[in-house]
């Protein structure tokens, strides 16, 4: 074994000095000592004390410096008073340093934690989050959507985006369990107590806040709350220029890490400090674009693309904006308009996202989706695998891989992908529906029914909070039909159709519902209308278990042939 170099030893020493905050102690002591000497030099002669008293003060200050440094190395001041500084954890793991100004953070990722406990020991990573006496996850956190205090509803995208970015930052930390965006945003606008939110989401801490934006100024207030005691662990108000929004997000994430006493590896520390763009206007357009991505309508995908294009025009190296644009074109292809041009645009944008940021899990997932819609399944699978290696908790990396696997009739693999996606985001109703379909295709009817019965509550809860969610309506309809509640299912299907009767994805899914009921003519009418308006995912139509009753129908075969 070779001996460590002098340079590496010096680097480790400096890192440990920073971890133990020795530099901070030295600077504070030096400043305080200088003030004491200045005061002594001014006051003592006036008190007619011997001249050597000033020299004595200077000597005492100088002699006290090494003692202060030693004490800074050995002890730390925390919420429980003076404590001996903990020895650094597992090899390569050091706590997040809080020296220097906060850096910007824009990329995606977040995974909550717990207050008041000891620093994460090496075995915390292996055993995962631990529940407290109240049954809540003491290293679980929910990031609620920040309240828009700007007095302008059009700024809602900005306050939502700020909270989502913080959530995404925290999600990159495996020590934390962060409630999904779907789960946390279900409480948007609801008057619910923090303990209730924590109980519903199974977390021990909750981050809430508000955003007030006026011109190029922004005021962000954030507070981290211990759900068990309903008390503040940390809070801060930032009154800055808009260009500082990245530094604010980074500071909030780092403050949460410190409050929850999470130990970070150097890689995890870098993930919190990643800067996706330094241009606040580009970031603003990016947030606008992302907000449009949560519906599944043509007009919203087109709006999203325009916003991402504006972001890229301002910052041509903004990888996440390219990834967002790629996703918009991919979804436009899958659900609205299956043209070669849309597929090619998705491919080009996703490729550029990966080139600009090869370490972005989101970019690789977007690349995989773009390859999947072009039937380049093997390449897509490799991209999804890279995305999961970079971020094992990225929902899209599992969910998109499940869709690609189903399209190839690789249902065993699809089951694994959908099951993991459901585990990561238990409040998502889409992945368990597709999981049930995969079980159906494998003739595992008992497993299928278990999943379908389990997802009923998820859909019911989602529709209670979001009664006009068209996708939840038609997915709820197909699921209810499978478990025998056909009248209630028909009501949901017709509601979905009435809300968006010209959207291909709605027509397609209601067609699946009527195929399951045995109304083949009605189903094919809707399918033909969907294809006429732009639906063209032939591989999915051919492998969709909901459409099995149509496989022998001449009109269905003609429809499939028209998509070749």
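The values are calculated or read from the model by the stated rules, or taken from the named source; none is laboratory data. This is a predicted model, so every value here is computed, not measured. Positions of Cβ are backbone-derived with ideal geometry, glycine not excepted, and every protein chain shown enters the neighbour counts.
Among the residues of segment 264-285, none qualifies, meaning not one is touching a helix residue (DSSP H, G or I) at 6+ places or on another chain (Cβ under 8 Å) and free of Cβ contacts under 8 Å to residues at least 24 places away in the same chain.
Determine whether residue 358 is within 12 Å of residue 320 (Cα to Cα) and surrounded by fewer than 24 Cβ atoms within 10 Å (Cβ to Cβ). Yes. Within segment 455-500, the set of residues being within 17 Å of residue 425 (Cβ to Cβ), without any contact (Cβ under 8 Å) to a residue 40 or more places away in the chain and not in a helix (DSSP H, G or I) comprises 469 only. Residue count for segment 530-542 under the criterion of being over 15 Å from residue 332 (Cα atoms) and crowded, with 21+ Cβ neighbours inside 10 Å: the result is 1.
Residues considered: 180, 159, 171. Of these, the only one that is surrounded by 17 or more Cβ atoms within 10 Å (Cβ to Cβ), in contact (Cβ under 8 Å) with a residue 60 or more places away in the chain and within 23 Å of residue 238 (Cβ to Cβ) is 171. When you go through 353, 319, 349 one by one, which is the residue that is under 27 Å from residue 531 (Cα atoms) and touching a residue at least 12 places away in the same chain (Cβ under 8 Å)? Answer to the selection: 349.
Considering segment 223-241, the residues that are within 15 Å of residue 259 (Cα to Cα) and in contact (Cβ under 8 Å) with a residue 40 or more places away in the chain include one that is surrounded by the fewest Cβ atoms within 10 Å (Cβ to Cβ), namely 233.
Total residues in segment 293-312 satisfying the condition of being free of Cβ contacts under 8 Å to residues at least 24 places away in the same chain, assigned to a helix (DSSP H, G or I) and surrounded by fewer than 23 Cβ atoms within 10 Å (Cβ to Cβ): the figure is 5. Given the structure, is residue 126 touching a strand residue (DSSP E or B) at 6+ places or on another chain (Cβ under 8 Å), modelled with pLDDT under 85 and either surrounded by 24 or more Cβ atoms within 10 Å (Cβ to Cβ) or outside any strand (DSSP E or B) (or both)? No; evaluated as a whole, the condition is false for this residue. Looking only at segment 516-527, decide whether some residue is surrounded by fewer than 24 Cβ atoms within 10 Å (Cβ to Cβ) and within 25 Å of residue 421 (Cα to Cα). The answer is no, given that none of the residues of segment 516-527 is surrounded by fewer than 24 Cβ atoms within 10 Å (Cβ to Cβ) and within 25 Å of residue 421 (Cα to Cα).
Conditions tested, residue by residue: (1) more than 22 Å from the chain's Cα centre (by Cα); (2) more than 21 Å from residue 168 (Cβ to Cβ); (3) at pLDDT below 95.
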residue	(1), (2), (3)
348	yes, yes, no
373	yes, yes, no
381	no, yes, no
384	no, no, no
391	no, no, yes
397	no, no, no
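Given the criteria assigned by TED's automatic domain parsing to the domain that holds residue 342 and buried (at least 16 other Cβ atoms within 10 Å of the Cβ), does residue 439 qualify? So residue 439 fails the test. Against the conditions (1) at pLDDT below 90; (2) more than 16 Å from the chain's Cα centre (by Cα); (3) surrounded by 17 or more Cβ atoms within 10 Å (Cβ to Cβ), residue 212 satisfies every one except (1). Applying the set (1) assigned to a helix (DSSP H, G or I); (2) within 28 Å of residue 249 (Cβ to Cβ) to residue 344 leaves exactly one unmet item: (2). In the set (1) under 18 Å from residue 162 (Cβ atoms); (2) modelled with pLDDT of 90 or more; (3) outside any strand (DSSP E or B), the condition left unmet by residue 251 is number (2). Taking the conditions (1) surrounded by 21 or more Cβ atoms within 10 Å (Cβ to Cβ); (2) touching a helix residue (DSSP H, G or I) at 6+ places or on another chain (Cβ under 6 Å); (3) assigned by TED's automatic domain parsing to the domain that holds residue 160 in turn, residue 256 satisfies each one other than (2).
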